[in-house]
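The values are calculated or read from the model by the stated rules, or taken from the named source; none is laboratory data. Quantities reported herein were computed from a predicted structural model and do not represent experimental measurements. Virtual Cβ from ideal backbone geometry, glycine too; neighbours counted across all protein chains shown. These area figures cover heavy atoms from the full protein model, side chains too; ligands, DNA and RNA do not enter into them. Shrake-Rupley method; radii C 1.70, N 1.55, O 1.52, S 1.80 Å.
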Amino acid sequence: MSSFQLLLDGFAAALTLTNLMYALIGVTLGTLVGVLPGIGPAMTVALLLPITFTVPVASAFIMFAGIYYGGMYGGSTTSILLNTPGESASMITALEGNKMARRGRAAQALATAAIGSFVAGTIATALLVVAAPAVAAFAISFGPADYFALAVLAFTAVSSVLSRSIVRGLASLGLGLVIGLIGIDQQTGQARLTMGIPQLLDGIDVVIVAVGLFALGEALYVASRLRHAPPEVVRVGWTWMGRSDWRRSWRPWLRGTALGFPFGALPGGGAEIPTFLSYTAEKRLARGVAREEYGKGAIEGVAGPEAANNASAAGTLVPLLTLGLPTSATAAILLAAFQQYGLQPGPQLFDSQPALVWGMIASLFIGNAMLLVLNLPLAPLWARVLRVPRPYLYAGIVLFAALGVYALNGTAVDLFILYVLGLLGYAMRRFGLPVAPAVIGMILGPMAEIQLRRALAIGAGDVSVLVSSPISIVLLVLAALALLTPLLRRLAARRGLAPAVPGQEEE
């Protein structure tokens, strides 16, 4: 059956009244929570993860798709109105967006961000429809050594790209791998790192890890730096764009989409690099009035990065759905959601659960349209949400996280683990360790271990089996490059041969 026919079947499933309701709930909750200061898409999905456990699996992932895209939309609101990015990918939006708002053009900044997100999300989801089946068909040829090499690539890429130093990224990855080892060894039946606690024999639930490190850790960290004064929110009227704004925005939307999607699909690519590249490209291409406005509130500096940000979000779903490989923190939490339902993303998922996969992809188109309808008229309402007192906000996050985790198994041990991981997440932020490698290490670590042991068993213990196929060789070479490239760039920068990469220098 062709991808187009499968997509039509997905629309038939997603357009039922029940699933439309879950999609609307997802985009509304995602936007509402994502709008709150300091809360990005990863934390939004982690925080709302427990509420889907009583929902049918297809409806749950349609709801998650809405939460995911809604969280991406919400981040631009805080960047523009408060100059407070909810995530690193929204930092570039804040550069010009907040200056536009302070010049009295908050409505136009929010409008170009919302429409650009819709355009980029729609085009990128269409590219996902084309790319995902092709990648899934290729992934069927992967053997155990290839999957192990793929996991190594994910580990090194995420550790080197999503952190300020490789050492800190690898340290965070090591913490995640250790957490993933807790429980019974699937091959020998031996308990590992359980400390005699029976509840740890099955390992630590991925939901507890995601909520603890992301939601609770972030809440504690922000609360520790809390200012009791209410935030200064720029007033917003009806969101609209004039003819000149449309003329200056449509090309940055398309260019941002072209940059964002491929970077999102790369292991460790993320949204930070394409948003930075989009901003740089638009600044260099600016002419006349636009060039004069850069640094003072140029609309191109909002349109391009926001499009790149949302296109990369769809790009991350390509390796997630086809290879089971999360390339960002939010994708890692979505993978945790799949595992919570006993599903493993990968090439077999397209054959075993086509209604689920294509219904979720179809819901991305629907959720995008819902988000546009919600965000344009409701921008003034979201601005009022930003006035929620911070102490109430973060106290509510801690309470909601505890209730969601306790609902998993109803044991006090889960709550104790949650708070321990929350303190660990706070400490990681306090000392500059990125959280994403830890979560990805915890989720992918057990899979990498199983594939490594299978490969060694096939090769009768000969380690050369790990480089016996062209696919594994290419992936391991890419992993080495991901690890060494930042080091070589820093060495070249010290010798005056090349500029250092922003965000890669040691603190």
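Structure values in brief
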| item | result |
| --- | --- |
| C-alpha long axis of helix 144-161 to longest principal axis of the chain, angle in ° | 40 |
| Other-chain or far-sequence residues with amide H under 5 Å of residue 192's (modelled H) | 183, 184, 185 |
| The chain: angle of helix 412-430 to the longest principal axis, Cα-based, in degrees nearest 10 | 60 |
| Debye, to nearest 20: dipole size of the chain, +1 on Lys, Arg Cβ, -1 on Asp, Glu Cβ | 1860 |
| The stretch 406-459, accessible surface, carbon-and-sulfur percent (1.4 angstrom probe) | 69 |
| Potential extension, residue 373-residue 485 segment - 0.36 nm per residue separation minus Cα distance | 36.0 nm |
| Whether the stretch 232-371 is rounded, prolate or oblate, judged on the alpha carbon gyration tensor where a/c under 1.5 counts as rounded | prolate |
| Highest average packing first - 299-307, 314-322, 209-217, Cβ atoms within 10 Å | 299-307, 209-217, 314-322 |
| Virtual paramagnetic centre 7 Å along Cα→Cβ of residue 187, amide N under 20 Å, in the stretch 112-143 | 142-143 |
| Structure-derived mean projected area of the Cα convex hull in nm²: which label, when the choices are [x] 24.1; [y] 20.8; [z] 26.9 | [x] |
| R0 of 25 Å, Cβ-Cβ distance residue 199-residue 403: FRET efficiency to nearest 0.05 | 0.85 |
| Packing-based ranking, highest mean first, of 275-283, 90-98, 135-143 given that Cβ atoms within 10 Å are counted | 90-98, 275-283, 135-143 |
| Acute angle (nearest 10 degrees) that the helix 470-494 long axis makes with the longest principal axis of the chain, alpha-carbon atoms | 50 |
| Heavy-atom accessible surface of the stretch 128-176: percent carbon and sulfur, 1.4 Å | 78 |
| Karplus-derived 3J(HN,Hα), 6.51/-1.76/1.60, for each residue of the stretch 112-123, Hz, glycine and proline x | 5, 5, 5, 5, x, 5, 5, 4, 5, x, 5, 5 |
| Accessible surface, per residue, of the chain when the full set of protein chains is kept, probe 1.4 Å, Å² | 41 |
| For the stretch 400-450: rounded, prolate or oblate by the Cα gyration tensor [a/c cutoff 1.5] | oblate |
